[in-house]
Amino acid sequence: MVLYYGNDDTFASCETLNTAQFKHKADGQAVTSSYLKKTIQKFSETITGYEKSSPSDEVDKKLSFSFVPNCEFIDQLWEAIRYLQGGERPTSTAGLSQLKNLENWCKEKSVSPARLFSRTSFQAATENLAAQNLRLKRALCDWSAGADAQSRMRLFELTELAREKAGLRSQENNLIKREDVLDALGCDVEDLFPAETRFINVGEVIYRALQAEVSDLLNTSNIPVLLHAVGGVGKTVFVQSIALEWAEKYEVVAFDCFGGGAYRSEDQGRHLPKIGLLQVVNELAARGLRDPMLPSDNDTIGIVNATRKRLEQASKTVVEQSQKLGVLVVLDADNAQIEAEYRNQGAFPKLLLTSLARRPTENVKLLLTARTYRMSEVTGQSVIAQYEPPPFDSSEIKVFVKNRRESVSIGKLRWEVEPPSNMVKALGWQNSPRTLGR
């Protein structure tokens, strides 16, 4: 099997490719180097074959191999393989004999043994076919958020696709593309990311000193954090700044429930768990942190539980494979709650909050925003940590205005229209002055 990575299915146009050789041994007993002979020769011929039309450095950059048998290797064979991959030279007579065989078979095909083995992975003692089928079944069930009927259908369609492409009738067309897999799974790319972020570009964002206070609260709290304020103070922009700052130490997913106003569209449903949680989970999956979640007709509880599991898995992957500390999910919860109540449905931010507040998950943090007067609708009975950001002070107002009006004199700035009442309230003014100064 050849796996093409990138946007095309030729050596010249792909980014990288991996040639995998699968072998099955009926008795499953440990094997010696002779079991690898034909595969090593085939891999060597693959290298020299690509070199007929491509430079050697390009071949080395793109090409890799995998050898996947169901049987184990004897210890002396592993010693020889590890040496060719950069380890210590075998000391036993049997190990040196295994090494000599591997080197000779490469040299017979005019390929350096170290060159071949440095780009080859050996996955011995792989599970048998029955175990692989069971693993695939469990994976698709997990991807479908536990929807048994859907997962069974997807399993059938996916195995039929592979069987058909591997058969005689498809020898001239045995390529399986991403579109084929998605079709077998019953979805499109757009279905996997149904609610992309649409944060409005507000220009240069002002750093506010109080970001440090919110960061400290997030650091120390083991329960979700709710940032609340009256409308127009800049909660959404503020949490975007927090998300940008925290991206250095956490894997951050920021979901915009407002969606540029799309949350009110009848054909959007950004507040629904099967839309919003699917977007959050698959953004993490697209970064290689966890398995994806396929569109599902499953019940709301099943989707929330599947999301919780994905967040736990993603945070574990982040901690194990990077210097980051976990996962931070940032949700603009207010608009989702408004639309959910209007349609008499559940809002996914509240459902996720309820789950994480009831059972805090290690290395998973949740930050939500809401208007102060809507806090109770968003949080319900959940225990949360709260923070109310104060309005801009005079120095922040000056920076904000200067960044957007180069020629303005702050001390003489005048409103051409009466400022909105919510801005007056947010800025703490006694009345609605025509002059912004002080």
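All Cα-Cα distances of the range 211-387, cut into 10 Å bins from zero to the largest, leave 10, 41, 39, 10, 0 percent in each bin in turn.
Distance distribution P(r), the range 26-86, all Cα-Cα pairs, bin width 10 angstrom from 0: 18, 43, 28, 10, 0 percent. In terms of its C-alpha gyration tensor, the range 2-122 comes out prolate, because a/c is 1.5 or above and the ratio a/b outweighs b/c. Using equal-weight Cα scatterers in the Debye expression, the normalised intensity of the range 68-135 in log10 at q = 0.12 Å⁻¹ is -0.37. For the range 161-177, the residues whose amide N sits under 14 Å from a probe point set 7 Å from the Cα of D9 along the beta carbon direction are 161-167, 170-177.
Rounded to the nearest 20, the Cβ-based charge dipole of the range 129-186 about its Cα centre (Lys and Arg +1, Asp and Glu -1) stands at 220 debye.
Listed cross-link partners K249/K316; K137/K365; K177/K249 are compared with a 26 Å cut-off, the Cα-Cα value being larger for K137/K365; K177/K249. Hey, which lysines would be in cross-link range of K274, C-alpha to C-alpha under 17 Å, not counting anything within fewer than 8 residues on its own chain? In chain and number order, the partners are K309, K350. Local charge for K52 was computed over the other residues whose Cβ lies under 14 Å away, with Lys and Arg +1 and Asp and Glu -1, and equals -2. By the count of neighbouring beta-carbon atoms within 10 Å, fewest first, H271, H24, H228 end up ordered H24, H228, H271.
In order along the range 158-167, phi translates into HN-Hα couplings of 5, 5, 5, 4, 5, 5, 5, 5, 7, x Hz, rounded to whole numbers, per the Karplus curve 6.51 cos²θ - 1.76 cosθ + 1.60 with θ = phi - 60° and x for Gly and Pro. The calculated FRET efficiency for the pair R115 and D75, based on their C-beta separation and a Förster distance of 25 Å, comes to about 0.50.
No lab work stands behind these numbers, since they all come straight from the coordinates. Computed from a predicted model, the values in this text were never measured in an experiment. Note that each Cβ is placed from the backbone with ideal geometry, even for glycine, and that neighbours are counted across all protein chains shown.
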